[in-house]
Amino acid sequence: KKNVTIPELLQMKREGHRIAVLTAYDYPTARLLDGAGVDVLLVGDSVGVVVAGHENTLPVTMEELLYHVKAVVRAKPKALVVADMPFMSCQAGEAEALKNCGRMLQEGGAQAVKIEGGVNMAPIIRSVTGMDIPVMGHVGLTPQSVHRMGGYRVQGRKDQAERIVEDALAVQEAGAFAVVLEGIPAKLAARITDMLEIPTIGIGAGPYCSGQVLVIHDILGLCEKYSPKFVKRYADLSPLITEAARQYVSDVKDGIFPTEEHSFT
Ligand code: KIV
Ligand code: NA
């Protein structure tokens, strides 16, 4: 398999081939997911929740995200690597946004960035794409807006739908090569996908998007807490890890491990 490129992703939408996206935050996971044929590895700011244990994504910093981007890029994936832009990395003006997005490509080695927001962020997205830094948009339920939304709630229901449509159009107009549609009704996501030329990547947005993204910890059953309706669990690793660790503890306590065969002479 060849390296996945941005023009290829646009072609995939045109030809009706679906785009498979997963989050990855570290080298070994990136290698495994890439070997499985994932098209895009998203180094999401969800790392702050599923890896660092924060309540939401707001505390994640540029330096933290960069660290994870570098780890994923060291896996030399064929998949396109997209770096999520942390809260406030693009919100304090154009110069700051350009500097921070540039760092993800120059220092991190990512091929693109992802910026949350629609109409409000379109001017920033325009200036970033204008400097040939490819941008993936993200509209609908934007987790960095958790306080405005009053929690993680489905967006774009009823009379709110037009606002999401305008957001998606604004992001495309600003030069984004794809847009994440998160937490919106399936019919609205279908309508937006039909309307746009760029691929839509759904999460909690129904079956009619151009592609799908999920958080790797969610599909592997690594998150003990709750599992939202839009997640499909492809493995249940938590009990396997607990059991492996329990056996290790027991072996050490009972003097069963280590033995001579694990020892140097
Ligand atoms: O941070 C993240 O993982 C994301 C995806 C879920 C879209 O933004
Ligand atoms: Na994110």
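Rounded to the nearest 20, the size of the Cβ-charge dipole of region 1-117 about its Cα centre is 640 debye, with Lys and Arg at +1 and Asp and Glu at -1. Residue by residue, region 198-212 carries 3J(HN,Hα) couplings of 7, x, 9, 10, x, 8, x, 9, x, x, 9, 7, 6, x, 9 Hz when phi is fed to the Karplus relation 6.51 cos²θ - 1.76 cosθ + 1.60 (θ = phi - 60°); x denotes Gly or Pro. Apolar share of the accessible surface for region 200-265: 61 percent from carbon plus sulfur atoms, 1.4 Å probe. Across region 1-125, Cα pairs under 8 Å and at least six residues apart give a relative contact order of 24 percent. Can you tell me the FRET efficiency between Arg14 and Ile241 if r is taken as the Cβ-Cβ distance and R0 is 41 Å, rounded to the nearest 0.05? My answer for the efficiency is 0.45.
For the chain, the residue among Ala205, Thr57, Pro228 whose Cα projects farthest onto the positive side of the dipole built from Cβ charges is Ala205. Two numbers describe the Cα atoms of the chain: Rg and Dmax, which are 19.8, 74 Å.
First select every other residue whose beta carbon is under 13 angstrom from the beta carbon of Ser227; then total the charges, Lys and Arg +1, Asp and Glu -1.
Summing Lys and Arg as +1 and Asp and Glu as -1 gives +1.
Taking the chain as a Gaussian network of alpha-carbon nodes connected by springs under 10 Å, the highest mean-square fluctuation of the residues Tyr67, Tyr248, Tyr234 belongs to Tyr248. For the listed residue pairs Lys70/Lys99; Lys99/Lys229; Lys13/Lys114; Lys187/Lys225; Lys2/Lys232, the alpha carbons are over 26 angstrom apart in Lys99/Lys229; Lys187/Lys225; Lys2/Lys232.
Between Lys76 and Glu197, what length comes free when the chain is fully extended (0.36 nm per residue of separation minus the Cα-Cα distance, one decimal in nm)? Please report the intermediate quantities before stating the final value.
Numbers: separation 121, 0.36 × 121 = 43.56 nm, distance 2.92 nm.
Net length gain for the segment: 40.6 nm.
When +1 charges are put on Lys and Arg Cβ atoms and -1 charges on Asp and Glu Cβ atoms, the dipole computed for the chain relative to its Cα centre reaches about 600 debye. At the residue level, Arg148 shows approximately 150 square angstrom of accessible surface with a 1.4 angstrom probe and all protein chains present. The simple spin-label model puts a point 7 Å past each Cα toward its Cβ; for Glu96 and Thr5 those points are separated by 3.6 nm. Distance between the modelled labels on Glu261 and Val51, one decimal in nanometres: 3.5 nm (7 Å Cα→Cβ projection). Per residue, the chain exposes an accessible area of 52 Å² to a 1.4 Å probe, with every protein chain left in place. Since only Leu196, Met149, Met121 are under comparison, the one whose Cα sits farthest along the positive direction of the charge dipole of region 87-226, derived from C-beta charges on Lys, Arg, Asp and Glu, is Met149. Taking 0.36 nm per residue of separation and subtracting the current Cα-Cα distance, fully stretching the chain between Tyr248 and His147 would add 32.1 nm. Annotation: amide H of Ala178 within the under-5 Å range of Gly137, sequence separation 5 or more or interchain, hydrogens built in the peptide plane. Between the listed residues Ser238, Gln106, His17, the Cα displaced farthest toward the positive end of the dipole of the chain, a dipole computed from Cβ unit charges relative to the Cα centre, is found at His17. For Leu98, the solvent-accessible surface with a 1.4 Å probe is about 40 Å², rounded to the nearest 10.
Cα gyration tensor of region 158-218, axes a ≥ b ≥ c as square roots of the eigenvalues: rounded (a/c below 1.5), prolate (a/b > b/c) or oblate? It comes out oblate by the Cα gyration axes.
The values are calculated or read from the model by the stated rules, or taken from the named source; none is laboratory data. Model, not experiment: these values are computed from the prediction. Note that we place each Cβ from the backbone using ideal geometry, even for glycine, and neighbour counts take in every protein chain shown. These accessible areas exclude ligands, DNA and RNA; they are computed on the full protein's heavy atoms, side chains included. Shrake-Rupley method; radii C 1.70, N 1.55, O 1.52, S 1.80 Å.
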